[in-house]
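Visitor: Sharing a structure, written as structure tokens. Questions coming.
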Amino acid sequence: MKPLVQIRDLTIGFPQDGSVTPVVRGIDLTIHMGETVALVGESGSGKSVTARSLIGLSGAEASVGAGRFEIDGQSVLGFRERDWRRLRGDKIGFVLQDALVSLDPLRRISQQLTDAAGGSGFFRRQNAARDNRALLQSVGIPDPDRRLAQYPHQLSGGLRQRALIATAIARSPSLLIADEPTTALDATVQKQILDLLAERSKAGQTLLLISHDLAVVSRLADRVLVMRQGRIVEEGPTRTILTAPEHPYTRQLLDAVPSVRSRGFRLSAGSEPEANGSVEARPAERLRIPLPPKRIDETSLVLSASHLVKRYGGASGTFAVNDVSFHLAAGEALGIVGESGSGKTTVAKIVLGLVEPDSGTVQIDGEAWSHVGEAQRRSRRASMQLIAQDALSSFDPRYTVEQIVGESLDTVGMFGEARRQRVGEVLDAVRLGPSFLKRYPRDLSGGQRQRVAIARAFAPRPRLLVADEPVSALDVSVQAQVLDLLAELQAASGTSLLFISHDLGVVNHLTDRVLVMKDGRVVETGQVEQVFASPHHSYTRALLDAVPVLA
Amino acid sequence: MDPQNTTAIRRSPAAWLPERLGLKRGGLALQIAARIGSGLLVLWAAVTLSFVSLQLAPGDIVSLLIGEQLRTPEVEATIRAEWGLDAPLPLQYLSYLSRILHGDFGRSYILQTDVTGLVLSQMLPTLKLTAAALVVALVFAVASAVSTAGRRVPRAIAGALELTLVSTPSFWLGILLLFVFSFTLKLFPVSGDRSFSALVLPALALGLSLGAVVGQVLREGLERALEEPFALTVRSWGTSDLVLRLRHCLRHAALPAVTLTGWLVGNLLSGAVITESVFGRPGLGRVTVEAVLGHDLPVVLAVAILSAFVYVALSTLVDVLYLLLDPRLRDESRETGR
Amino acid sequence: MSAVPTTLARRGVRFRRALHGLLARPGLWLASLFLLFVAVATLWPGLLSSADPLAADPLQAQLPPSAEHWFGTDHLGRDVFSRVAHGARYSILIGVSAVAIGSIVGSALGLLAGLSRGLVDEAISRFLDVVSSFPDLLLALVLISFTGPGTLNLIFALGVAFVPRFARVVRAQTFVIARSGYVEQARTFGLTPTVLVLRHILPHALAQVPILATIGLGSAIISAAGLSFLGMGPQPPAPEWGAMLAEARNYLRVAWWIGVWPGVAITLTVISISILGRRWQASFEGRRAR
């Protein structure tokens, strides 16, 4: 049988400074009927552009060329906009990430389903309402009549994503392209959407999945193509790619995924600063480098929080944090895990003294920290540092790296030559050389920025480090390097770490004890090995169950 | 006048009370009521401000009100009686408020006439002019934005045209139009308000530069909407470009443009003053200019309060319209509702 | 960027890039050149025209443009080119002064509101709401009806009318920055509020004011010309552009040139200022977005 999609030597380029910069450099892609193919790569690999070129939407400025480009046996090489339009929605459906912005926020779900199904003109079909209802049911939306009349923002993230999928399959296209369909979602919701896609795939839907996450892909795909810098570096059946990868880059990607198996070991390979050069041809064998051992002093409590309560919107408002207690010993790493809205960030702000708890107390080094005046706290702040999720917005844009890192030394009164020296030291520790001193944060890559944030946090030799989702915006291989740095520095300095994340794999990899939060409450706490191996609470089990695993 | 800044600067005077009351949730009716309430409060404050400025202005109040008219004891006595100037200040304020509430703006001692009657009699020609100019502005803005957004060359041409129009003073544009169409081509009358054709040139002079600003904002909004992920989704349904622009993106683009309304109304009213003078049209603008030059304060204050009223009323109306246009504003609290 | 950029080299690169950008954009280039002319006309109008802008000569009245009178002469026989050149001084002076009043007072009010919040913020914001519920030009007209027409009164009236727009922007900026990631981060360093404001809030809150002022200058010049057209500004025989157009309106039928050149001067000046202001704003936003 003829394949549904057959592409040979696809190149896509964008004009930049007068010349064309290629972003896809000669890839082959074949998709057979009924197959689920996954295109995996990090940002800048060209995977999304490739997917968009399949429906002729890679952008007005893009120059697309191919030796052969056939969809359903028809060559699309000479296609004009009008030809593409006949194909879109009819032969190929397209799902983007985050339906909150990928659906028109100003139109009702019913209108959008009708738009999607009704073809290109202003003329509407009969029976639209019945069709729409059936469509929503088919993607597992309960109570479709109520949802049809609503706007996208009135739906929960999961339902919204389902509605988006419904618009894509409104005209039963032969191929469904899903570009990072679950990236913006919480783990439990992500699982539901993946299950929905798996269900459709089982029902015979041909699927092209675009993702940065090998684990997500491994649940669904029959075949995986690994993309890097516009080329396909490896291609094969999912199982082979996951268990016996041949290319070092694939190996590096797999190794970079934090999980229970990576505990105590480095995620990235050796001293390579950033994955922008070429990967040297190392033998593709699994060599894990162990992390330095940690010294935890159980007798010295750096942080203890008891019965923290914080509600927003007055005494009758909703609880952001509800009776949360925990402690943190010197040198220990404590993870706080929860989905969005669980209150984990509010806990971090209370610990940092940026938000006062309504009741409950925080003690730092045995002394009261909450409910004392800011003037009294000010001199003690140097012992506590924050690493924020979005490093760039945590830097004053007028400051150079040197000034940014140096500012945290204000409170310990370190100025002049001593400051210069310390800044050099910590930048060196995060492997940023002296050439970075005069650079501005906007000129740095995401990984470099996060390293500057880490250097700044360690500079005043704090006793406690609060890290709020420090790696969630990073590509997996960059994330691996940042996590390795954080782990090394934490072990070497004996600093306690409060690590807040939605990612169970990262928490599992990095921390000693873990706190699972849901709706402002702690539902489970204990040693990481214990909690993750035999969770007591049903929510923890559901969370763990939802985490996509490389298998 | 830069469109981006006007959107940042001009905020509806009706928006603060709902914000203050934390009215992000709550029914549509409640939100609308709160907006009308804050509009009324702003108006009351504007009237108060006009009273305060009369009190604070240098010189005694009688000579302020009397303007360039000859000051005789009889006239002074009438003014004192009419404004209750012998009563204590709070009482004066209350009677001022109540008079304005009753639509009584006092007497012009220069024109020897009732201000309210004068203003009402001159309102119609001004209303005609501003309405026509508004139509010109909106038609120009929508046409130029929809047809050129996201297209490189047409966009550059429209952009240059708009920049020129925005930078051209409306009274000079009026003079040029007069020269070309009235004196040279003799297509339209030079002045007056006797026929529809007399309205064409003034409406163009006043409306085009405003339309250029709105057009810029609209195009920018349209281009932003075309870049949004949802536009990609809509395209992936096989929707045509024109349908995407008209059915989906224009509404998004209208949101920032709507916030311009306050600015637009203010400029229409201000512009009418100048345009009427250029084209020798009767109307409130002419009355205002003569009153300002003749120090006829009762008339000036009446026009100012009237324009503040129009401004606040229209802004409030548009603010309510905004609620209807963007469902996200209506129920932010339900965002996470399952 | 792999090389080691020193500050100096960086500056050099920036300068060359700016120069290159200027040459690549003819609009920018022409706008700068024209404003240079306007600047010369403002400071030393005698350099551009030796004719006396006020000298009437009834025998030379209403002459069309010629080699002797580039822009022709008006109904009193005064040289229009000289009047237009000498008129730059009024427009620029009134515009710059009004914007200066508006931006300084407005920024101060905006900062005060944004930093103090609570009651002070509420009071200032409501006051601004009320003031801006009168359209700009009408507010200026009301003020002039108290003070009477004249150059200084016009500057004062326009300046007051410009206060709210600056105050609003600065207040909003202050608000956003006070809640930004880096201010929160700086709070965790234990900086005192004064240091925090001076070091991290003020520079950003005020960064846009000069750009806004430049762009506002264009509308100030148009408003000033409009008010002068109505007779509220410099009084005849002063060669103010708006006032000249008011006189010219009566002679359009016989001498079109009187009614064209002052308008051309206003429009070109405002276009040039807008081009430079927008370019500045774009590069400012580009730097921030990168």
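Visitor: Here are B:Ile79, B:Ile66: which of them is farther than 29 Å from C:Ile124 by Cα, aliphatic (A, V, I, L, M) and modelled with pLDDT under 80?
Guide: B:Ile66
Visitor: Moving on. Kindly check whether there is at least one residue in the range A:136-155 that is without any contact (Cβ under 8 Å) to a residue 24 or more places away in the chain, open to solvent by less than 20 Å² (accessible area, probe 1.4 Å) and farther than 26 Å from B:Ser240 by Cβ.
Guide: Within the range A:136-155 (the criterion being without any contact (Cβ under 8 Å) to a residue 24 or more places away in the chain, open to solvent by less than 20 Å² (accessible area, probe 1.4 Å) and farther than 26 Å from B:Ser240 by Cβ), the answer is yes, since at least one residue qualifies.
Visitor: For the range A:187-218, which positions are farther than 25 Å from A:Gly341 by Cα, surrounded by fewer than 18 Cβ atoms within 10 Å (Cβ to Cβ) and either at pLDDT below 90 or not basic (Lys, Arg) (or both)?
Guide: Scanning the range A:187-218 gives A:Ala198, A:Glu199, A:Ala203, A:Gly204.
Visitor: Considering only the range B:252-273, state which residues are open to solvent by less than 20 Å² (accessible area, probe 1.4 Å) and more than 12 Å from chain C (Cβ to nearest Cβ).
Guide: B:Ala253, B:Leu255, B:Ala257, B:Leu260
Visitor: Out of contact with any Ser or Thr (no Cβ under 9 Å at 6 or more places or on another chain) and within 27 Å of B:Thr275 (Cβ to Cβ): is that true of C:Pro203 in this structure?
Guide: No, not satisfied.
Visitor: How many residues does the range A:424-460 hold that are within 21 Å of A:Arg380 (Cβ to Cβ), of a type outside the set (A, V, I, L, M, F, W, C) and either without any contact (Cβ under 8 Å) to a residue 40 or more places away in the chain or assigned to a helix (DSSP H, G or I) (or both)?
Guide: Going through the range A:424-460 one residue at a time, the tally reaches 1.
Visitor: Moving to a separate point now. Taking only pairs six or more apart or across chains, which ones have beta-carbon atoms under 9 Å, a first residue in the range B:280-302 that is more than 10 Å from chain C (Cβ to nearest Cβ) and more than 13 Å from B:Leu111 (Cβ to Cβ), and a second residue that is among the polar types (S, T, N, Q) and assigned to a loop (DSSP other than H, G, I, E, B)?
Guide: That search, which allows pairs on different chains as well, returns B:Arg281/B:Ser191.
Matching residues to (1) more than 11 Å from chain C (Cβ to nearest Cβ); (2) among the small types (Gly, Ala, Ser); (3) open to solvent by less than 50 Å² (accessible area, probe 1.4 Å):
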site: A:Glu407; (1), (2), (3): no, no, yes
site: A:Glu417; (1), (2), (3): yes, no, no
site: A:Arg422; (1), (2), (3): yes, no, yes
site: A:Lys438; (1), (2), (3): no, no, no
site: A:Arg442; (1), (2), (3): no, no, yes
site: A:Arg449; (1), (2), (3): yes, no, yes
site: A:Phe458; (1), (2), (3): yes, no, yes
site: A:Asp468; (1), (2), (3): no, no, yes
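Visitor: Here's another thing I want to ask about it. Does at least one position in the range B:319-330 carry a residue that is out of contact with any strand residue (DSSP E or B) (no Cβ under 8 Å at 6 or more places or on another chain) and buried (at least 24 other Cβ atoms within 10 Å of the Cβ)?
Guide: yes
Visitor: What are the residues in the range C:170-185 that are within 26 Å of the chain's Cα centre (by Cα), open to solvent by less than 20 Å² (accessible area, probe 1.4 Å) and not polar (S, T, N, Q), if any?
Guide: C:Val170
Visitor: Going by the structure shown, is B:Glu228 within 30 Å of A:Glu180 (Cα to Cα) and within 14 Å of chain C (Cβ to nearest Cβ)?
Guide: In short, no.
Visitor: For C:Gln173, work out the one condition from (1) of a type in the set (S, T, N, Q); (2) more than 13 Å from chain A (Cβ to nearest Cβ); (3) farther than 21 Å from C:Ser103 by Cβ it doesn't fulfil.
Guide: Answer for C:Gln173: the failing condition is (3).
Visitor: If we only count helices (runs of 4 or more DSSP H) wholly inside the range A:32-111, which ones have 3 or more residues that are touching a helix residue (DSSP H, G or I) at 6+ places or on another chain (Cβ under 7 Å), surrounded by 21 or more Cβ atoms within 10 Å (Cβ to Cβ) and more than 12 Å from chain B (Cβ to nearest Cβ)?
Guide: Where helices (runs of 4 or more DSSP H) fall fully within the range A:32-111, none carries at least 3 residues being touching a helix residue (DSSP H, G or I) at 6+ places or on another chain (Cβ under 7 Å), surrounded by 21 or more Cβ atoms within 10 Å (Cβ to Cβ) and more than 12 Å from chain B (Cβ to nearest Cβ).
Visitor: Right, next: Please name all residue pairs, on different chains or six or more residues apart, with Cβ atoms under 8 Å, provided the first residue is in the range C:123-134 and is more than 8 Å from chain B (Cβ to nearest Cβ) and the second residue is surrounded by fewer than 21 Cβ atoms within 10 Å (Cβ to Cβ).
Guide: Close Cβ pairs satisfying both conditions: C:Ile124/C:Leu112.
Visitor: Considering each residue of the range C:203-257, count those that are more than 10 Å from every other protein chain (Cβ to nearest Cβ) and either out of contact with any helix residue (DSSP H, G or I) (no Cβ under 7 Å at 6 or more places or on another chain) or farther than 18 Å from C:Ser97 by Cα (or both), and give that number.
Guide: 15
Visitor: Out of B:Leu210, B:Leu161, report the one residue that is closer than 30 Å to B:Leu244 by Cα, in contact (Cβ under 8 Å) with a residue 40 or more places away in the chain and open to solvent by 20 Å² or more (accessible area, probe 1.4 Å).
Guide: Only one candidate passes the filter, namely B:Leu161.
Visitor: Taking B:Val166 and the conditions (1) open to solvent by 40 Å² or more (accessible area, probe 1.4 Å); (2) within 18 Å of B:Thr261 (Cα to Cα), which numbered condition does it fall short on, given that it satisfies the others?
Guide: (1)
Visitor: Mind counting the residues in the range C:66-75 that are crowded, with 16+ Cβ neighbours inside 10 Å and out of contact with any strand residue (DSSP E or B) (no Cβ under 9 Å at 6 or more places or on another chain)?
Guide: Total satisfying the criteria: 2.
Visitor: Is there a residue in the range A:319-338 that is in the same structural domain as A:Pro535 (by TED's automatic domain parsing), open to solvent by 50 Å² or more (accessible area, probe 1.4 Å), in contact with a helix residue (DSSP H, G or I) (Cβ under 8 Å, 6 or more places away or on another chain) and part of a loop (DSSP other than H, G, I, E, B)?
Guide: no
Visitor: Examine the range B:91-106 for a residue that is within 22 Å of the chain's Cα centre (by Cα) and in the same structural domain as B:Asn267 (by TED's automatic domain parsing), and state whether such a residue exists.
Guide: Checking the range B:91-106: not a single residue is within 22 Å of the chain's Cα centre (by Cα) and in the same structural domain as B:Asn267 (by TED's automatic domain parsing).
Visitor: May I ask you to verify whether A:Ser538 is at negative phi, modelled with pLDDT under 90 and in the same structural domain as A:Ser408 (by TED's automatic domain parsing)?
Guide: When the stated conditions are applied, A:Ser538 does not pass them.
Rundown of residues vs (1) in a helix (DSSP H, G or I); (2) of a type outside the set (A, V, I, L, M, F, W, C); (3) at pLDDT 90 or above, yes/no style:
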{"site": "A:Asp115", "(1), (2), (3)": "yes, yes, no"}
{"site": "A:Arg147", "(1), (2), (3)": "yes, yes, yes"}
{"site": "A:Gln150", "(1), (2), (3)": "no, yes, yes"}
{"site": "A:Leu164", "(1), (2), (3)": "yes, no, yes"}
{"site": "A:Thr167", "(1), (2), (3)": "yes, yes, yes"}
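Visitor: Can you spot a residue in the range A:247-268 that is at pLDDT 90 or above, touching a strand residue (DSSP E or B) at 6+ places or on another chain (Cβ under 8 Å) and in a loop (DSSP other than H, G, I, E, B)?
Guide: Taking every residue of the range A:247-268 in turn, at least one turns out to be at pLDDT 90 or above, touching a strand residue (DSSP E or B) at 6+ places or on another chain (Cβ under 8 Å) and in a loop (DSSP other than H, G, I, E, B).
Visitor: Only residues that are closer than 19 Å to C:Val38 by Cβ and open to solvent by 10 Å² or more (accessible area, probe 1.4 Å): list them for the range C:220-238, please.
Guide: The answer is C:Ile222, C:Ser223, C:Ala238.
For (1) hydrophobic (A, V, I, L, M, F, W, C); (2) in contact with an Asp or Glu (Cβ under 9 Å, 6 or more places away or on another chain), each residue gets a yes or a no:
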site	(1), (2)
A:Arg377	no, no
A:Phe395	yes, no
A:Pro441	no, yes
A:Ala457	yes, no
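Visitor: Give me a count of the residues in the range B:28-64 that are free of Cβ contacts under 8 Å to residues at least 12 places away in the same chain and open to solvent by less than 30 Å² (accessible area, probe 1.4 Å).
Guide: 2
The values are calculated or read from the model by the stated rules, or taken from the named source; none is laboratory data. Please read these numbers as outputs of a predicted model, since none were measured by experiment. Cβ: placed from backbone, ideal geometry, glycine included. Neighbour counts: every protein chain shown. The area values use the complete protein model at the heavy-atom level, side chains included, leaving out ligands, DNA and RNA. Shrake-Rupley method; radii C 1.70, N 1.55, O 1.52, S 1.80 Å.
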